[in-house]
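Every number here is computed from the coordinates shown, using simple stated rules; none is lab data. Everything numeric in this text was worked out from a predicted model, so none of it was measured. When we count neighbours, we look across all protein chains shown, and the Cβ atoms used for this are built from the backbone with ideal geometry, even at glycine.
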Amino acid sequence: MKSAVFAALLVAAPAAAATPSGISDASLKADTAQLASDAFEGRKPGTPGGDKAVAYIEQRFAAIGLEAGNHGRWTQDVPLVTITTAPTPLVLSGCAGGAQECRAATRTALSYGTDVVLWTKRQVATQTLANSPVVFVGYGITAPEKGWDDYAGLDVRGKTVVILVNDPDWQTPTAGKDAGPFEGRAETYYGRYTYKFEEAARHGAAAAFVVHDTEPAGYGWNVITTSWTGPQIDLDQPDKGMGRVGVEGWITKAAFERMLGAAATGKDLFALTKAAQTKGFRAVPLGLQASATLSNEITHSASKNVIGVIPGRRFPSETVLVTAHWDHLGRCPADATGDDICNGAVDNASGVAGVLTLAEAFARGPQPARTVVFMAVTGEESGLLGSRWYAEHPVYPLALTAGGVNMDGLNVGGRTHDITISGGGKSDLDTMATLVAKAQGRFVAPEPSPEKGGYFRSDHFSFAKLGVPMLRAGSGVDRLDGGIPAGQAAAADYTAHRYHQPSDNYDPKWDWSGAVEDLDLYYAVLRGLADSHAWPNWYAGTEFKAIRDTTAGERHP
Ligand SMILES: [Zn+2]
């Protein structure tokens, strides 16, 4: 049941949509053009171009009239570590053919890059995995609120767990009576590989491998090899990564099948998958031992989140978050035109311009009741690093952060009849956004590929994971000019020809009218939150509600 305060907010937010926010495309264009210019060299953290982006945003925050957001400083340091590993092949040894005793020992070596990709997040010169017993743990999920535990009755300390990607019901419909317990085809956080490694660490496993499969993973093996080989940048955590599983990795489906051929279970991948998709599944020891050695080169660096605030008038200790990542890929392989700068105009100079534009709108309006925190975060492209660091070391307590909006790529192709809400239907913010869209004469369209887990792929997720309700809306596809075919064609063209490529350049001919309408929507939601004393929450049964509820006592209704 909704509290009266929240019910009032559901009326106030769409009403705010009727009040002109004064948002125009003027600074959207100017800021995007600046941040995406060659002078910023693609805004890679740790480069002069990255430093320039930080300085630019800081100076813009100050010019807008924000206050420095980190105890008088404009930035928060984000310590980073880069580990480059040189691993041996992953060797599996054991007994062949399901014999009770070991008559014929087998030895299977999985090659680095083709069969397996492995790494360690531990800051150690050498990480070894020695004769670690291998256990198939299905989807590797412990979800008490769903009565599901793939680790039930199992002690995996010192063992190597092998895990299927996505969640058990990814082949069922997204909604309706045939949808499975994990939101059907839509991916829940339990389906993400990051979750699988975290859960394996909680259970004390020595190593964890996720089995790659293109459809449920959402990308091919080529993405795994390009993303997970070479120098790996991550947060320099106080525990130096020792809380992580010692060896993490992906293996191909074919390699896992070879592994099963050598194992003593007599079960093939089909049978094991079927069992893993059934509630009450029990983990299966494979009768194999895994061994590998990883030699690591370790370097340290730092980057910065940029934070500016408008202090709250009535509830200054309560905050509302507005975020976008400033970093991009920097120099990258030259394209056919010889362009070797990945400028990241849409991704995500436009999102930072959105944060600046919303800051201007708030600065023009009455002082909000709550403090509004505007933040441009670093390291998104390397795994949501800046937002993760803030979420784990917040300047303003997450328990008193009412909610927020993250932007990653604004619509530069004109107005749409619809908007999409990523991970739609998870929290009260989605309801607010839906009502505001309606007040704008728009509607919420279903997310085009919910199985790809879009909600877990940008910075809002770092906050959501620790309980803060965060809205991530995307531009719709149903364009006023050209309808759904035009919107779909533009989206496909961006993915194929500009996304993470040197051609993601600023274009003065872009039509920002759709972005302005989206920003009006964000402004209405944020204004509603910032001027109220209501606490939106996650819906019952969603994966982030339990952690939010642990701090419920700190929020005064
Ligand atoms: Zn991005």
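Things to note:
- Fraction of alpha-carbon pairs over 34 Å apart in the chain - percent: 41 percent
- For the range 212-339, the alpha-carbon coordinates run over 66, 50, 32 Å along the three principal axes, in decreasing order.
- Given in Å, the Rg to one decimal and the Dmax to the nearest whole number for the Cα atoms of the range 301-375 are 16.7, 56.
- For the chain, the longest principal axis of the Cα atoms and the long axis of helix 4-18 meet at an angle of about 60 degrees.
- Relative contact order, percent, the range 53-153 [alpha-carbon distance under 8 Å, six or more residues apart]: 14 percent
- Contact order normalised by residue count of the chain, Cα under 8 Å, 6+ apart, percent: 22 percent
- When +1 charges are put on Lys and Arg Cβ atoms and -1 charges on Asp and Glu Cβ atoms, the dipole computed for the chain relative to its Cα centre reaches about 1180 debye.
- Selection from 482, 301, 341 lying farthest towards where the dipole of the chain points positive, charges on Cβ: 301
- Separation of alpha-carbon centers, the range 363-419 and the range 509-546, rounded to whole Å: 10 Å
- The angle separating the long axis of helix 253-262 from the principal Cα axis of greatest extent in the chain is about 20 degrees.
- Relative to its Kirkwood radius, the Cα radius of gyration of the range 394-502 gives an Rg/Rh of 1.00.
- Partner lysines for residue 304 [C-alpha distance under 22 Å; skip if fewer than 8 residues away on the same chain]: 44, 52, 121, 240, 465
- Net charge dipole, the range 273-371: roughly 800 debye, given to the nearest 20, about the Cα centre with Cβ charges of +1 for Lys and Arg and -1 for Asp and Glu.
- Under 17 Å from the Cα of residue 279 - aspartates and glutamates, other chains or at least 8 residues apart: 145, 149, 150, 167, 169, 178, 183
- For the range 144-256, the Stokes-Einstein estimate of translational diffusion at 20 °C and a viscosity of 1.002 mPa s comes to 139 µm²/s, using the Kirkwood hydrodynamic radius over alpha-carbon pairs.
- Under a model in which nothing but the beta-carbon of Lys, Arg (+1) and Asp, Glu (-1) is charged, the range 83-299 shows a dipole of about 460 debye around its Cα centre.
- Of all DSSP beta bridges in the chain, antiparallel share, percent nearest 5: 65 percent
- Using distinct alpha-carbon pairs, which all enter the 1/r mean, Kirkwood radius of the range 333-418 in Å: 15.6 Å
- When only alpha carbons are used to place a centre, the range 171-187 and the range 193-271 end up 24 Å from one another.
- Pairwise Cα distances in the range 160-222 exceed 19 Å for 36 percent of all pairs.
- For residue 493 and residue 551, the difference between the fully extended length at 0.36 nm per residue and the C-alpha to C-alpha distance is 16.5 nm.
- Degrees separating the helix 193-202 axis from the principal Cα axis of the chain, which is the longest one: 60 degrees
- Remark: C-alpha extents of the range 83-299 on the principal axes read 51, 47, 32 Å, sorted largest to smallest.
- Helical content alone sets the calculated 222 nm signal of the chain at -8500 deg cm²/dmol, taking -39,500 (n - 2.57) per DSSP H segment of four or more residues and averaging over every residue.
- Relative contact order for the range 83-299, counting Cα pairs under 8 Å that sit 6 or more residues apart, in percent: 38 percent
- Descending Cα extents along the principal axes, the range 418-460, whole Å: 29, 19, 15
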